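The values are calculated or read from the model by the stated rules, or taken from the named source; none is laboratory data. Just so it is clear, the structure is predicted and the values come from calculations on it, not from any experiment. Cβ: placed from backbone, ideal geometry, glycine included. Neighbour counts: every protein chain shown. These accessible areas exclude ligands, DNA and RNA; they are computed on the full protein's heavy atoms, side chains included. Shrake-Rupley method; radii C 1.70, N 1.55, O 1.52, S 1.80 Å.
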Amino acid sequence: MLLKKELKDYFIIALGTFILTFGVYNIHSRGNISEGGVLGLILFLAHWFKINPSISSIILDYSLMILAQIILGGNFLKYSLFSSVCFSVFYYILSFTSPVLTFVVKNDLLSAIVGAIFVGVGVGLVVKIGGACGGDDSLAMILSKKFNLKISRAYLISDIVVLLLSLSYIPIDKIIYSLITVLISSNIIEYIKSR
């Protein structure tokens, strides 16, 4: 019975991570919509330093996940490492495919909304199980626990910091769409986590 539950948890984590990765690859990285947090930092590094997200995500994610394991305990690290590896593998596989949602990327508001849904649902599924898709989730969960914040507020804090960095390559009018994205995705994560 315990094995069945654990397999189900891993399946949900993989599904959530794929949903997230699909949105990041097809919408966020194509439409210059940054999600903020570590995910936005990964896109920032890809833009300015041409560092492939499949590499930068592992380095940033693992550092924050280890810190979160110390603070949060439980199965956090095990589930989060699995999710992080899934993200890298899924992104690597998707990088050999053509973008699927090109019509969405042509409209900034649509990109912001649809991208936020992918991120919110994907991350929400993983966080609900007790893991993180990456460093931004780890950071948000740490901030939430340490400062007794709703997780949506913890996400917003880290997102805004990275969005300010993103002003170096994303025009201010597009940052507004990124802000829409982080507001929607953080609330979707909060909703899924609380169910």
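So what's region 17-107 giving for Cα Rg divided by 2.2 N^0.38 Å, two decimals? Write out the running numbers ahead of the final one.
Details: Rg = 13.8 Å, N = 91, 2.2 N^0.38 = 12.2 Å.
Dividing the Cα Rg of region 17-107 by 2.2 N^0.38 Å gives 1.13.
Taking the Kirkwood radius as the inverse of the mean 1/r across Cα pairs, report the Rg/Rh of region 87-171. Don't skip to the end; give the middle numbers.
Working: Rg = 14.9 Å, Rh = 14.8 Å.
Looking at region 87-171, the ratio lands at 1.01.
Beta carbons within 10 angstrom, averaged per residue: use that to sort the peptides 138-150, 79-91, highest first. The partial results should precede the final answer.
Numbers: 138-150: 18.2, 79-91: 21.9.
Taking the mean over residues of other Cβ atoms within 10 Å, the ranking is 79-91, 138-150.
Lysine pairs, Cα distance under 17 Å, 8 or more residues apart or cross-chain: how many in the chain?
Number of lysine pairs found: 13.
In whole Å, what is the distance between the alpha-carbon centres of region 39-58 and region 109-135?
A separation of 18 Å, based on Cα centres.
Return the label of the correct value of P(r) over Cα pairs in 10 Å bins from 0, in percent, as calculated from the structure shown, out of (1) 10, 40, 38, 10, 1, 0; (2) 8, 30, 28, 19, 11, 4, 0; (3) 9, 35, 33, 18, 5, 0.
It is the value labelled (1).
With every protein chain left in place and a probe of 1.4 Å, what is the accessible surface of LEU3, to the nearest 10 Å²?
120 Å²
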